[in-house]
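Presented below is the structure to which this report refers.
The values are calculated or read from the model by the stated rules, or taken from the named source; none is laboratory data. None of these values were measured; they are calculated from a predicted model. Quick reminder, even Gly has a Cβ in these numbers, built from the backbone with ideal geometry, and neighbours come from all protein chains shown.
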Amino acid sequence: MVCAPTMMARLPSGILILDKPAGISSARAVSVVKSALGAKKLGHAGTLDPMATGILICCINSATKLSGFFLDGRKTYDAVMVVGVETDTQDATGRPIKERFADPHVLNDARIQAVTNGFTGWIDQRPPVYSALKHKGIPLYTYARRGKPVQKPPKRIHIDRIVILDIDLPQIRFSVTCSAGTYVRTLCADIGRTLGCGGHLAALRRTHSSEFTLDQAIALHRVKPMSASGAISGRIIDMANVLHHIPAATVNAQTAGRIRNGIVLRTTDFEQLPELPSDGYLRIISADQSLVAIVSRRQQSERFDYRCIIPAEEL
């Protein structure tokens, strides 16, 4: 039998999609996964509040270099909103600060749908004062807990769609697809305010993040036993098989080695280049189907700038 430490020592770099449970911070969940896998490095892309569940993208070892590329991806959530009660944190973990009767005769399905539709498209959203955003290097929630809340200026976000799934007042269950940086609890508070009765987020589950879905996710309690048995390696997604929205070009082993050594990279180093989008990003894949680097082409130039270089895996 191969012992767990030997298994973990061969842990490949890649992406593990975690189904984070409620009641634990994203940082704590990552710490548990890192310990269970015996990973040298492990980070996540896209924080979930402790009360929230669902997809947490975990980047293992060299894949931590890719985390920034996932942060800007679209996200979809299933959310439960409770109308009639506002809280200081805008969710169920907070202290009620205002309660108003949510009249079911006024809050009919048509009005709820019309109000939520008004929050689609580009909107300005004020980040909650209870958040991990920082002011002078200190998280905003620290100021709020001290009774000195700091309100950050509104941020431009995009709500692709809001689909009402069920209305059973005072609860409204909906699905929302949105840009990075969107606070669903703030969305609930703003919708409740527009409805005239206030509201807060009661439950939240991330069902899609970037290109990943819950079908690919593994529950946190299963990570340790799967790591011990070696089965976890089958759930780690290779770095060459992600970020499909970025065009890819294949290079031979010699060019891959030169790229990993940081050569000045030009269009002439490729036998064939795909058409690049406006941001100019390109994934470079080696002949053995491993990710070598992500680069971006300079405007009006034949040269590329390195965004990240992935070292060859040590066997």
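Among the criteria (1) touching a strand residue (DSSP E or B) at 6+ places or on another chain (Cβ under 7 Å); (2) outside any loop (DSSP other than H, G, I, E, B), the one Pro127 does not fulfil is (2).
Looking across the range 99-152, the residues that are farther than 19 Å from Cys188 by Cα, charged (D, E, K, R) and either more than 25 Å from the chain's Cα centre (by Cα) or exposed (fewer than 12 other Cβ atoms within 10 Å of the Cβ) (or both) come down to Lys136, Arg145, Arg146, Lys148. Residues that are assigned by TED's automatic domain parsing to the domain that holds Lys134, in contact (Cβ under 8 Å) with a residue 60 or more places away in the chain, charged (D, E, K, R) and closer than 30 Å to Gly137 by Cβ: does the range 156-171 have at least one? Scanning the range 156-171 turns up no residue that is assigned by TED's automatic domain parsing to the domain that holds Lys134, in contact (Cβ under 8 Å) with a residue 60 or more places away in the chain, charged (D, E, K, R) and closer than 30 Å to Gly137 by Cβ. The condition of being in a strand (DSSP E or B) and either of a type in the set (Val, Ile, Thr) or under 30 Å from Arg145 (Cα atoms) (or both) does not hold for Met51.
Listed here are the strands (runs of 3 or more DSSP E) enclosed by the range 240-315 that have at least 1 residues being within 19 Å of Thr64 (Cα to Cα) and touching a residue at least 40 places away in the same chain (Cβ under 8 Å): 281-286, 291-297, 304-309. Specify which of the listed residues (Arg206, Arg156, Arg161, Arg173) is modelled with pLDDT of 95 or more and either in a helix (DSSP H, G or I) or under 15 Å from the mean Cα position of the chain (by Cα) (or both). Just one listed residue meets the conditions, Arg206. Per the conditions (1) within 21 Å of the chain's Cα centre (by Cα); (2) among the hydroxyl-bearing types (Ser, Thr, Tyr); (3) modelled with pLDDT under 95, the sole criterion not satisfied by Tyr77 is (3). Of the numbered criteria (1) outside the structural domain of Leu18 (by TED's automatic domain parsing); (2) touching a strand residue (DSSP E or B) at 6+ places or on another chain (Cβ under 8 Å); (3) not charged (D, E, K, R), the one Leu220 fails is (1). The criterion of being free of Cβ contacts under 8 Å to residues at least 24 places away in the same chain, within 30 Å of Lys148 (Cα to Cα) and not hydroxyl-bearing (Ser, Thr, Tyr) holds for Arg28. Name every residue in the range 18-40 that is among the polar types (S, T, N, Q) and in a loop (DSSP other than H, G, I, E, B), in order of residue number. The answer is Ser25, and nothing else.
Note on the range 114-124: residues that are farther than 15 Å from Pro154 by Cα and in a loop (DSSP other than H, G, I, E, B) total 2.
For Arg193, the requirement of being basic (Lys, Arg) and assigned to a helix (DSSP H, G or I) is met.
Note on the range 176-201: among residues that are of a type in the set (S, T, N, Q) and over 21 Å from Thr93 (Cα atoms), the one that is surrounded by the most Cβ atoms within 10 Å (Cβ to Cβ) is Thr177.
Taken together, the residues in the range 67-91 that are on the phi < 0 side of the Ramachandran plot and in contact with a Pro (Cβ under 6 Å, 6 or more places away or on another chain) amount to 4.
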